[in-house]
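To start, the structure under review is shown below, and the notes come after it.
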Amino acid sequence: MNRWTAPPSRREFSLVLFALTVFAIAYNFENSIQMLGFSNMATSFPGRGPLKVPIGKDGRRLGWSSDPLEDKIVGSWKWEPGHVAGHRRELGQRKGVGAHSSFWRPRDEQKHYHNTRDTVSMGVRPWNDTLPRTVLVKHIPGHTILDNVIIHAGKVYIVTDTPGQFPPIHDIVSSRGSGEFNDWMTISPTDALEIFGDFGAFVNGVSFISAEPDPFHISNTTLFGLWRTYSSLDTTISPSGETSLAPPARFIYPHRRFFIDSNPDWNDERRRRRMDIAVHHYTLKTSYPWLDVLYYEDWEDWMLMNAPFVFERFVVADPGSYLPAQRRWEGLGPKSESWFEPIRSQLVQWYELKGAVPQPAESGGKRKIVYLDVQEDDTSETRLSDGAHKALLASLGSLSSRTYDVRILSTSDSSTTWKERLFSILDAHVVLSVHGGHIMDAVYMKRSEKSTVVELFPADTFNGEYGGAFKEIGFDYRAWQGSQQYTQDTLSPSFRAPDYRQMFDIDAAAVVQNIKDVLQ
């Protein structure tokens with residue numbers, strides 16, 4: 001009995017230690033051998049449990065050892081060293097859809113969109129006595145282009161030796177909101193060195209920034225106006241959209257949060273309400289594929305870091321300084337006739353990748369008329385009465401199918417998909433609809449001698465913001481009230497803006513007859 005309670009002998013202790021050592025080496029044999037420089041394949045023993053599975057250089061199981069679960073997780077695509085992996089099924093799918101949640105444009109086609117001048121090591125640079133000076137590139141009412149704007153510790157700085165050459169701050173950003181990161185200041189380089197120190201971080205590329213302070217009132221012409229202002233720096237944009245301008249890298253809303261509802265509890269799984277930037281998210285991703293949209297939270301990150309950030313180029317939109325709606329687009333400077341083509345061509349290329357090719361509007365054949373129907377759209381700003389709507393559909397339906405191709409498209413995504421709606425607009429000759437933000441989709445119509453936008457208004461009302469945008473592109477623009485037609489030049493400035501959700505009548509037969517006259 002005493003034998004069982006005696007301490008282990010040296011022989012017994014050695015046997016236990018040897019057994020544990022053999023177990024540890026055998027259990028971790030693959031990793032142990034790899035420490036000696038052998039490959040995964042060299043450590044694979046057929047018929048020996050997990051060790052028999054060969055692992056490739058890309059981390060996936062090879063050949064017969066692959067299983068459906070791994071294919072579902074990582075995919076069955078081919079991979080070559082130095083290339084982005086993929087089987088190209090991701091092309092054309094919507095963002096966030098499918099196994100890979102990838103974007104529609106392959107990486108090798110995006111390379112010319114990115115700044116290749118700088119390396120990672122150049123993100124933070126010492127400047128000593130060569131602190132970047134802010135340069136005023138362009139200023140017109142409502143829009144300003146500035147190079148080398150510096151943000152630091154909650155403020156935006158214009159650094160210059162010649163402050164008299166810059167407009168007053170309130171002319172650049174008159175509407176700065178009520179947040180904590182809205183102070184703009186003009187300072188000298190000497191004061192800047194004392195505030196910023198000897199180095200800073202650089203944010204390369206072109207940044208569009210909207211100074212709209214009201215998170216619940218946002219214009220869908222803001223991005224359009226920013227591009228129009230920026231495009232004035234290249235008056236040689238070709239009809240195919242070729243330009244010397246670098247594409248904008250980011251669109252910043254410093255006063256708007258990503259979600260408009262309050263932060264929920266950590267275990268609240270209700271769907272959050274995202275900020276609506278008044279541009280359909282598919283339109284944004286296909287027409288501006290290189291553009292990131294940033295919000296208050298992103299702006300806050302820059303502001304709260306204890307380091308200065310030098311933005312290579314700011315293009316600022318300030319709604320508080322816009323001219324009245326009817327003159328909204330005056331004074332934007334010189335432009336190429338094809339100034340919007342770099343944007344429109346991106347949308348066309350997206351459809352081409354999907355196997356759909358819009359026909360040029362001037363190619364002959366039937367004349368295409370697109371009516372954007374808002375009657376089922378709860379977000380529409382105005383709408384026709386039921387009687388006027390039925391009369392307009394009847395008048396459009398009476399047009400000869402041998403001469404005209406009439407498309408009735410709902411502005412509600414639940415009735416007409418975004419893909420179908422924009423594709424029909426791309427090669428249309430006439431786009432017709434009631435007043436509202438949805439009509440800005442017409443800017444993607446191909447410019448030709450017949451390209452016309454017809455906007456319907458309640459009696460004695462008018463808003464020239466959209467009409468002016470169409471005129472900027474080169475479209476013929478017609479506004480209708482009842483049985484009276486107006487152009488941008490003949491509208492009375494005394495007309496008030498339509499009431500929200502206002503319902504009205506129109507002379508449908510006169511409108512359609514006028515469209516026929518335009519297209520003959």
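The values are calculated or read from the model by the stated rules, or taken from the named source; none is laboratory data. Owing to the predicted nature of the structure, the values given are computational and were not obtained by experimental measurement. Here the Cβ is made from the backbone with ideal geometry for all residues, glycine too, and neighbour counts use every protein chain on show. SASA here: full protein model, heavy atoms, side chains in, ligands and nucleic acids out. Shrake-Rupley method; radii C 1.70, N 1.55, O 1.52, S 1.80 Å.
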Practice task
First check a/c for the stretch 134-263, with a ≥ b ≥ c the square roots of the eigenvalues of its C-alpha gyration tensor; if it is under 1.5, answer rounded, and if not, answer prolate when a/b is larger than b/c or oblate otherwise.
Solution key: oblate
Practice task
Rounded to the nearest 0.05, what FRET efficiency do residue 386 and residue 281 give with R0 = 41 Å and r taken as the Cβ-Cβ distance? Could you check?
Solution key: 0.85
Problem - Charge sum, other residues only, whose C-beta stays under 11 Å from residue 158's C-beta, Lys/Arg counted +1 and Asp/Glu -1 - result: +1
Exercise for the section: Compute the length gained on full extension between residue 510 and residue 245: take 0.36 nm times their separation in residues and subtract their Cα-Cα distance, giving the result in nm to one decimal. Expected result: 91.0 nm
Handout entry: Residue-count net charge about residue 375 - beta-carbon cut-off 12 Å; Lys, Arg +1, Asp, Glu -1
Key = -3
Handout entry: Computed FRET value (nearest 0.05) for residue 401 with residue 352, which takes r as the C-beta separation and R₀ as 41 Å
Key = 0.90
Exercise for the section: Run the quick spin-label model on residue 483 and residue 133: label points 7 Å from Cα toward the beta carbon, then report their separation in nm to one decimal. Expected result: 6.6 nm
Problem - For the stretch 282-415: accessible area per residue (Å², 1.4 Å) - result: 44 Å²
Exercise for the section: Could you calculate the contour length gain from residue 6 to residue 201, that is, 0.36 nm times the residue separation minus the distance between their Cα atoms, to one decimal place in nm? Expected result: 63.1 nm
Handout entry: Additional length obtainable on full extension of the chain from residue 73 to residue 271, 0.36 nm per residue less Cα span
Key = 68.7 nm
Practice task
Determine the alpha carbon to alpha carbon distance for each of 335/419; 335/446; 368/446 and list only those over 20 Å.
Solution key: 335/419
Practice task
At a Cα cut-off below 20 Å, give the aspartates and glutamates reachable from residue 366, other chains included and same-chain residues fewer than 8 away excluded.
Solution key: 405, 420, 427, 449, 476, 517
Problem - Sparsely packed GluC sites (Glu not before Pro) within the stretch 366-458, loop by DSSP, other Cβ within 10 Å at most 11 - result: 449
Handout entry: Separation between Cα centres of the stretch 265-328 and the stretch 426-468, rounded to whole Å
Key = 26 Å
Fill in the blank from the handout: About its Cα centre, the stretch 142-264 carries a charge dipole, from +1 on Lys and Arg Cβ atoms and -1 on Asp and Glu Cβ atoms, whose size in debye to the nearest 20 is 360 debye
Practice task
Using a Förster distance of 22 angstrom, determine the FRET efficiency expected from the C-beta separation of residue 153 and residue 188, and round it to 0.05.
Solution key: 0.80
Practice task
Determine the share of the stretch 211-323's accessible area contributed by carbon and sulfur atoms, expressed in whole percent, with a 1.4 angstrom probe.
Solution key: 49 percent
Practice task
Under 16 Å Cα to Cα from residue 57, which lysines show up? Leave out anything in the same chain fewer than 8 places away.
Solution key: 78
